[in-house]
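A short reminder: the numbers here are calculations on the coordinates, not readings from a lab. None of the values given here were measured: they were computed from a predicted structure. Positions of Cβ are generated from backbone atoms using ideal geometry, with glycine treated the same way; all protein chains shown enter the neighbour counts.
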Amino acid sequence: MTSLVVVDFGAGNVASMVKALRNVGGAPEIVTTPEAVSEAARVVVPGVGAFGAAMREVRKRGVDQAIQDAVARGVPVIGVCIGMQIFFDSSAETPGEKGIGIFKGACRRFSEKTPSGERLKVPQIGWNTVRPREGSRLFRGIEAGSSFYFVHSFFPVPEEPDVSAATSDYGVDYCCAAERGNVFAAQFHPEKSGPEGLALLANFLAS
């Protein structure tokens, strides 16, 4: 059994994730097949890009079912950026396209205006503060209010509020990390977020 795999489904960002995992003591293997995912003891699903394109590629490779099976077996799994969004049921980015559905809920697009009418650049690109919920395993030992690096236009809205592990604010207060049992997710890029991001990845490896 491979101890740690990073799933490459053509959505990019794999190399930087592998480097970050190595920096915190992991020995990741890049994989592309459902068989490789089924043999893993930990699974990382990174990526950037559009929800629909990501899901079509994940289904084409059969990796969606392999991820669901890993979750059912109790294997620790984390989705990052588009990897987080496809863990939900759907996204307004691609109406009619179903996600993997590990978490109930949909992804919405940021408004280009704040509630007070100020202009807001979409996508959100850059550093933003994150507020972890008390007891979050992903954020163990990470100071509340730490900043992480984001690049996204859509954000998940969980139907079950207790899965939210952290929130951030960009014109609206939104869920930017999730966790339930052996499943974790982050909308920001921990692999590009300095010491705090590395600490989060180390927490995942220790889960």
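Just one of (1) of a type in the set (Val, Ile, Thr); (2) in contact (Cβ under 8 Å) with a residue 60 or more places away in the chain; (3) in contact with a strand residue (DSSP E or B) (Cβ under 9 Å, 6 or more places away or on another chain) fails for Val31. It is (2). Applying a threshold of 9 Å to beta carbon distances and a minimum spacing of six or more residues, or different chains, the list of pairs starting in segment 46-61 at a residue that is touching a residue at least 60 places away in the same chain (Cβ under 8 Å) and ending at one that is of a type in the set (S, T, N, Q) and crowded, with 17+ Cβ neighbours inside 10 Å reads Pro46/Asn13; Val48/Asn13; Phe51/Gln85; Phe51/Ser90; Phe51/Ser91; Phe51/Thr94. Within segment 72-127, being among the aliphatic types (A, V, I, L, M), closer than 10 Å to Phe51 by Cα and touching a helix residue (DSSP H, G or I) at 6+ places or on another chain (Cβ under 6 Å) holds for Ile82, Ile86. For segment 71-89, give me each residue that is within 16 Å of Arg59 (Cβ to Cβ), in contact (Cβ under 8 Å) with a residue 24 or more places away in the chain and of a type outside the set (A, V, I, L, M, F, W, C). Hits for segment 71-89 are Gly79, Gly83, Gln85. Just one residue in the set Ser116, Ser153, Ser111, Ser168 is hydroxyl-bearing (Ser, Thr, Tyr) and without any contact (Cβ under 8 Å) to a residue 40 or more places away in the chain; that residue is Ser116.
Does Ala20 qualify as being crowded, with 17+ Cβ neighbours inside 10 Å, of a type in the set (Gly, Ala, Ser), under 14 Å from Glu191 (Cβ atoms) and out of contact with any strand residue (DSSP E or B) (no Cβ under 7 Å at 6 or more places or on another chain)? Yes; evaluated as a whole, the condition is true for this residue.
The listed residues are Phe103, Phe110, Phe139, and the only one of them that is hydrophobic (A, V, I, L, M, F, W, C) and closer than 22 Å to Leu21 by Cα turns out to be Phe139.
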